[in-house]
Amino acid sequence: MKARVLALLVLLALSTPGAAQVVMEEVGALQEAYATAQQTYGGVQFRQAVESLNPLIDSLTKWEQAGRLQPQDEVLLEKSLELRGTCAFNLGKTDLARQDWTRLIQLRPDYPFTVAKTPKILKLFEEIRSSLTGTIALTVDPADAVVLLDGRPLRLSAGTVPVLKGLHALKATRPGYAAQEREVSVDVGASVEATIRLVPNARSIYFFAKPEGAQLLVDGKPVGRADRPASSQDDWSRFARDSGAEPSQVYVIPALYLPPGEHRVALVAPCHRKREFALTVVLDTAANTPGFVKPIALERRTVNLEVVSHPSGSQVVIDGQVAGTTPLNLADFCIGSHEVAVQKAGVGFYKSTVNVTEGTIFRVDATLRPTLLWAGLTRDQEVTPRQLEAATESLAAALPAMGQFNAVIAQENNPVLPDTFFTPGVGAQDQAAAVRELCEKYRCQGLLAGRLTVDGGKLQMALRLFVPEFGGYDEDEVGLKEASQAATALTLVDRSLVESSVAKALPLTDVTGGRGPVFVLGVADPNGPAAGDLLLAVGNTAVANAAAARAALEKPESPVVRFLHRGEEKTWTFKAGSVAQLVPYGGESYGNRRLWLKARQGVLGSETPQEQLLSRLSLCLAELNLGRPVEALKALEPLRPPASGALDVGTVGYLRAVALVQLGRVEEARPLLQSASQDAGATLDGLGEVLVQPLAEELLHRLPAPPPAPPQAAPRG
Amino acid sequence: MLLPALLWPASTYPPAPDDRLAPQDALDASKVALFAGRPEQAYRLLLLARPALGDDPAWLDVAARVYLALDRPGLEAQAFLKLAPSDPSAAARVKALLERTGNGPRLAFQPLGRWPVLDKKSLKPVVAVAPGPGGSAYLLTEDALLTLGADGGILKSESLLDARDLTLDASGVPLALGADTVRWGDTVVKLPSTVSRPVSAAPAPDGTFFVLTRGDQRLYRFSRKGTSLGSAAVALGDPARVRVDGAGRIYLADRDTGQVRLYGADMAPVRTVTLAQLSRPLRRLDDLTVDVGGNLLAVDGSSKEALLFTASGQLLASTGPALRVDAAGWDGLGNLLVLDRREGIFWRYGS
């Protein structure tokens, strides 16, 4: 009642604020009037009771005529008519009593008369009811179905129901059954039998499972959890025992009212092997008994988790709990999805959602990596908000999956933050200041922002990478077919420090009329193949052409290569993993900041001389390309390069010399260049495509002549 | 725009921010530096041009020439491999480069068959031969340059008095030298009278040509129109041939010593290679052809053999004593035409 009044109040308050108060007061007054009438009736003051009820019944009658009568008001009206008729009977006014009760029965033919127990009164009331109604002898199966008579729920779903003369609609409903409707015509004094038997259209299935808490999914949707022991209900308990399970040890998950047919069922629990199967639900139209699925015990599955990192000695945090320090071995580790974070103070951070799958050992190899802050995506006017939304969603899903960087998404209450990094009106200094501030706040090493534009009807995505250490930005742009493909742009940034492929590391070709694949460049190792050598076999497999050779070399092992050099058969072990390609100069638009971030991380985290060499050379190249020769020299300072090879002492000497020449320290550079100009094998890229020797020779040639040697002091005397 | 990168002493690679050239400017400057005899500088500029132009045929063409000048046949082959989709001859160049490094399997000249026989009388005055396109051939007789069809019939005859040398330019167009005339395709250049007893002439990749003289032992350079571009003295025992490779480097063959002197495009000496067989220098180095990798095909007038050497002088293959080689013409790739004047036959050879 209160809720209805409140709803009415709200409704009226919106239209006529004054009327709301009136209605509430009126309803309260009617209730009070009925209560007063009941009291005076109890005190055998029938006249006063009638006086209390008259205005009440008048008001409710008006509401009824106005169509405002709510079910609760109807109940009040029925009770009031019952009471006033009883008072009238007691006052000897039988006609008035008959009048009220006639109206009451018209309102509610099955009204249960309760206000008085006097046989005379009951007899008169039933006489009136009999003169106005017939009956429906109702039988409904199942008995707990909800039955509606002319749209109003019946209090009973079985037995004899008095109804006014005429045609009546019966409807029976129950979950798990198809609803049924029928019409019944009843005459005064007649009794009509009506039987409704509902037919099941679904079936409830009870799954018995272990362990407690296992989740049931039917057709991919979660249905429930195993949280009620079978021992809590007799039939469950019996079934569990009959199935050979201890009822207190298995748990029941009801899947109510599953439609007939095949369903995909999955039971999952952390640390346990997922069970999936198909279940065909068949209806029990006769008894509609629930189906019980025999107890399913999920198998517990764990692995030995190994976490290694570069560098080692890093702290491992799994699912928010500190687990130890790398290299870390955790026995009996649960399969499933886990958040793994690896960090080392002052060095870096690695974070990933790892899906630990079954097996004896699961290995997480974490290379600590720089963290980028995603400042968001902006758009030009031709890009629709829907496109922006789709692109943002695509990026949000892909950012955490970047392989080379950790991603943090900015949580700034500033909708124009991404514009800061693209709007021409924002000066470079302001941008740099914003980058510094945000990177300090989010503990990131770089900031990434994106912009969607439409150029010539084509969608373009630009990414800018800012690094707080220096101004400017790297910018990469890619065309998109759809905004939802925006994540593909991340591949422009998410690239490893050094890249290589077998085809690049060991280029081979077929020559017309040749006897097999021929090495095009050869390798820096003097024991390895040279340009023009004939490749005979990779491992034990003879290779007939370059394509077959490349396929054989792609295999992860380090194959022994057999080749013909100057008429002599030789062997050499190819180690694909040790080959790396650096980019000495990628042009004005090359991502030197990306390279710088990765290289600096590599310098901090590298543990082997080869890693250290690659990282420091990359850092030096990035510094030179960013116009910082002093820092380039620093990057090379502690380096101990190998004496020979593609990236050797000649490479490092040449790069030192470049930095020194850029700083005007020519005489320090000269001996380094003289040495590098003798090194025919040294390269800047590691793959032999950017040679040190001619570069060193040329730079040496262009240096100003060395200062004359100081004159020897003439011997005295 | 080109000046700072070419001349500024502090220009480095990787370049300082103030020292960067647009890729096309860098490529143009690279070509200029290469034909000016500065291959190392050309190399740096080539690398500067690479980020944007690295797979461009123009970049690859310059790159191949620079790698030739740097004696890096592998890199040169790689450039031609990338050119292969747009250049039908690129695959043959790759084969030539990789087969002739001296590293791979031994090479041998394989006879491909006899060419249509000419009568011995008409062969006697033949001074030089060269393979032409589609199985044709060029014959330089004492008084004419003949173009022969694949069936041996004479397609064209161009007079050239007292003819002495025949070679092909990069496009396969013949350049023939007479007593005082150079015929280069359809262009005929009358040499100045100061050019004393010319013995050999060769086209250069920049469109100029060189003439080597025996009289005053000088090397002259002319534009295609015949304008003199200067000369330099050469000190050879018996000047035999001048040849120029794709990088503009100049090869001078000395008949007496069997030596080939290699000069940069700026005439700075690079090296001297002694062509030798069984450790003995060739006794009479009559003819010389240079291929795409700087490898040398020599005709020894004494042993009547054609011999293929690497750029450093390693003997790769010989036609051997079974065949008498009076003259040999080579396109630098797979077509070798050998004349046995005594038997009156030509042989086609491949490697």
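Values in this text are rule-based calculations from the coordinates and carry no lab data. The model shown is predicted, which means the values in this text are computed figures rather than measured ones. Here the Cβ positions follow ideal geometry from the backbone for every residue, glycine too, while neighbour counts run over all protein chains shown.
Cβ-Cβ distance of B:A150 and B:S193, R₀ of 60 Å, FRET efficiency by 1/(1 + (r/R0)^6): the value works out to about 0.90.
Among the listed pairs A:K481/A:K598; A:K504/B:K95; A:K93/A:K117; A:K458/B:K82, those with a Cα-Cα distance over 27 Å are A:K481/A:K598; A:K458/B:K82. Region A:462-527 and region A:642-715 have Cα centres lying 29 Å from one another. Calculated on the Cα set of region A:53-185, radius of gyration then Dmax: 16.5, 54 Å.
Multiplying the residue separation of A:L164 and A:T512 by 0.36 nm and subtracting their alpha-carbon distance yields 114.8 nm.
Stokes-Einstein D for region B:79-211 at 10 °C, 1.306 mPa s, Kirkwood Rh over Cα pairs, in µm²/s? Roughly 94 µm²/s, to the nearest whole number. Of the trypsin sites (Lys or Arg not before Pro) found in region B:160-225, those in coil by DSSP whose Cβ has at most 14 other Cβ atoms within 10 Å are B:K225. Using only the C-alpha atoms, the convex hull of region A:484-592 corresponds to 154 Å³ per residue.
Output needed for chain B: three equivalent-ellipsoid semi-axes, defined as square roots of 5 times the C-alpha gyration tensor eigenvalues, in descending order, whole Å.
34, 23, 19
A viscosity of 1.567 mPa s and a temperature of 4 °C, combined with the Kirkwood radius over Cα pairs in Stokes-Einstein, give a translational diffusion coefficient for region A:399-535 of 70 µm²/s. Report the Rg/Rh value for region A:236-321, based on alpha-carbon coordinates and the Kirkwood definition of Rh. Across region A:236-321, the Cα-based Rg/Rh ratio is 1.20. For the pair A:N540 and A:R275, the difference between a 0.36 nm per residue extended length and the Cα-Cα distance amounts to 91.0 nm.
Label separation (A:L91 vs A:E482): 7.9 nm, computed from points 7 Å beyond Cα along the C-beta direction. Taking amide H atoms as placed 1.01 Å from N in the peptide plane, the amide H of A:G213 lies under 5 Å from those of A:A226, A:D227, each 5 or more residues away in sequence or on another chain. Two numbers describe the Cα atoms of region A:580-697: Rg and Dmax, which are 12.9, 35 Å. Among the GluC sites (Glu not before Pro) within region A:595-637, those in coil by DSSP and having at most 15 neighbouring Cβ atoms inside 10 Å are A:E607. Rounded to the nearest Hz, the phi-derived 3J(HN,Hα) couplings of region A:243-248 under the Karplus curve 6.51 cos²θ - 1.76 cosθ + 1.60 (θ = phi - 60°) are 8, x, 10, 7, x, 7, where x marks glycine and proline.
Among the trypsin sites (Lys or Arg not before Pro) in region A:572-662, those located in a DSSP loop and surrounded by at most 11 other Cβ atoms within 10 Å of their own Cβ are A:K575. Is region B:157-253 rounded, prolate or oblate when judged by the Cα gyration tensor, a ≥ b ≥ c being the square roots of its eigenvalues, rounded requiring a/c under 1.5 and prolate requiring a/b larger than b/c? Rounded shape, in that the Cα axes give a/c under 1.5. Each principal axis of the Cα cloud of region B:198-273 was evaluated for its coordinate range; sorted largest first, these ranges are 34, 26, 15 Å. Per-residue 3J(HN,Hα) values for region A:655-668, derived from phi via the Karplus relation 6.51 cos²θ - 1.76 cosθ + 1.60 with θ = phi - 60°, read 5, 4, 5, 4, 4, 5, 5, 5, 8, x, 9, 5, 5, 6 Hz in sequence order (x marks Gly and Pro). When each of A:T509, A:T118 is scored by the number of other beta-carbon atoms lying within 10 Å, the sequence from fewest to most is A:T118, A:T509. The distance between label points at A:E339 and A:D525 comes to 4.5 nm (points 7 Å beyond Cα on the Cα→Cβ vector). Once the C-beta distance of A:Q411 and A:A331 is scaled by a Förster radius of 51 Å, the resulting FRET efficiency is 0.85 to the nearest 0.05.
Ratio of Rg to Rh for region A:238-382: 1.19 [Cα atoms; Kirkwood radius as inverse mean 1/r over pairs]. Here, P(r) means the percent of Cα pairs in each 20 Å bin from 0 to the largest distance; for chain A it is 12, 24, 24, 18, 12, 7, 2, 0, 0. Of all lysines in the structure, the ones whose alpha carbon falls short of 23 Å from that of A:K62, not counting any fewer than 8 places away in one chain, are A:K2, A:K79.
Helix A:692-702 axis versus longest C-alpha principal axis of chain A: approximately 60°, rounded to the nearest ten. Amide H to amide H, with H built 1.01 Å from N, A:W374 comes under 5 Å of A:V408, A:I409, A:A410, A:L448, counting only residues 5 or more places away or on other chains.
In this simple spin-label model, placing a label point 7 Å from the Cα along the Cα-to-Cβ direction at both A:Y590 and A:Q321 gives a separation of 4.8 nm.
Shown in residue order for region A:598-613 are the 3J(HN,Hα) couplings computed by the Karplus curve 6.51 cos²θ - 1.76 cosθ + 1.60 at θ = phi - 60°: 5, 5, 5, 4, x, 4, 5, x, 6, 10, 10, x, 5, 4, 5, 4 Hz (x for Gly and Pro). Applying 1/(1 + (r/R0)^6) with r as the Cβ-Cβ distance of A:E382 and A:T289 and R0 = 60 angstrom yields a FRET efficiency of 0.40.
The H on the amide N of A:R566, modeled in the peptide plane, is under 5 Å from the matching H of B:G104, each at least 5 residues off or on a different chain. Remark: the A:D365-A:E637 segment gains 95.0 nm on full extension, using 0.36 nm per residue and subtracting the alpha carbon distance. Farthest toward the positive end of the dipole of chain A, out of A:A643, A:A323, A:P526, is the Cα of A:A323, where the dipole comes from beta carbon charges about the Cα centre.
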